[in-house]
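The structure under discussion appears below in the form of structure tokens.
The values are calculated or read from the model by the stated rules, or taken from the named source; none is laboratory data. Note that the coordinates shown come from a computational prediction; the quantities given were computed from them, not determined experimentally. Cβ: placed from backbone, ideal geometry, glycine included. Neighbour counts: every protein chain shown.
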Amino acid sequence: AGHSQGSLVGMLASKQKVDAFISIAGAGRPIDEILIEQVVKQSPIFEEDLKKTFAILRSGKVDENFNPLLTSIFRKSLQPFWISWMKYNPKEEIKKLNFPILIINGTRDIQVSVSDAEMLHKATERSELLIIEDMNHVFKEVKTDDISDNIATYSNAELAIKKELVNNIAKFVTQIE
């Protein structure tokens, strides 16, 4: 199983002896597409700078001249990480798995959209798709579209994870032959 970035890592690791795989809030697209979308939602002015730097990184080179306002994303120590991550397309990697797959996403996930889960599901006939109403990226229940309220749940240990998540994972795992 893998969550978020761990979904892709889990797919890659599943080339070993594995009976099934569970992707929770896993991206259905390459990471550069997701990051561009996330940043542009809040700061559209950076779209061209993001695309330029990610194109350089995709070619396997570092970008010494990125927009300094994007240092939190493109600082020199992170660029090799992005280069290695962009080598993989989750839709292509999931196609290589030859066993049952459960793909889970929440309707209140502000980091990985339901459409990403749907992309993964459409990429392979071996998958089952589960969309959990009002679940966010960290498996907590959120009843509002307010981003601040959603993010506040991330560090709130008092909030339980959605029971529907636990119950469906247990059901999937117990059905594996």
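Points worth noting:
- Taken as a whole, the condition of being of a type outside the set (A, V, I, L, M), more than 18 Å from the chain's Cα centre (by Cα), at pLDDT 95 or above and surrounded by fewer than 16 Cβ atoms within 10 Å (Cβ to Cβ) does not apply to residue 133.
- If the condition is being of a type in the set (Val, Ile, Thr), farther than 24 Å from residue 19 by Cβ and touching a His at 6+ places or on another chain (Cβ under 9 Å), then region 93-118 contributes 110, 112.
- Listed by position, the helices (runs of 4 or more DSSP H) inside region 96-177 whose residues that are of a type in the set (Asp, Glu) and over 23 Å from residue 36 (Cβ atoms) number at least 1 are 147-152, 163-174.
- Within region 1-69, helices (runs of 4 or more DSSP H) holding 2 or more residues that are β-branched (Val, Ile, Thr) and either at pLDDT 95 or above or within 19 Å of the chain's Cα centre (by Cα) (or both): 31-42, 47-58
- Any hit, region 91-99, residues being in contact with a helix residue (DSSP H, G or I) (Cβ under 6 Å, 6 or more places away or on another chain) and among the basic types (Lys, Arg): yes
- Residue within region 76-92 that is small (Gly, Ala, Ser), part of a loop (DSSP other than H, G, I, E, B), touching a residue at least 12 places away in the same chain (Cβ under 8 Å) and farther than 24 Å from residue 22 by Cα present: no
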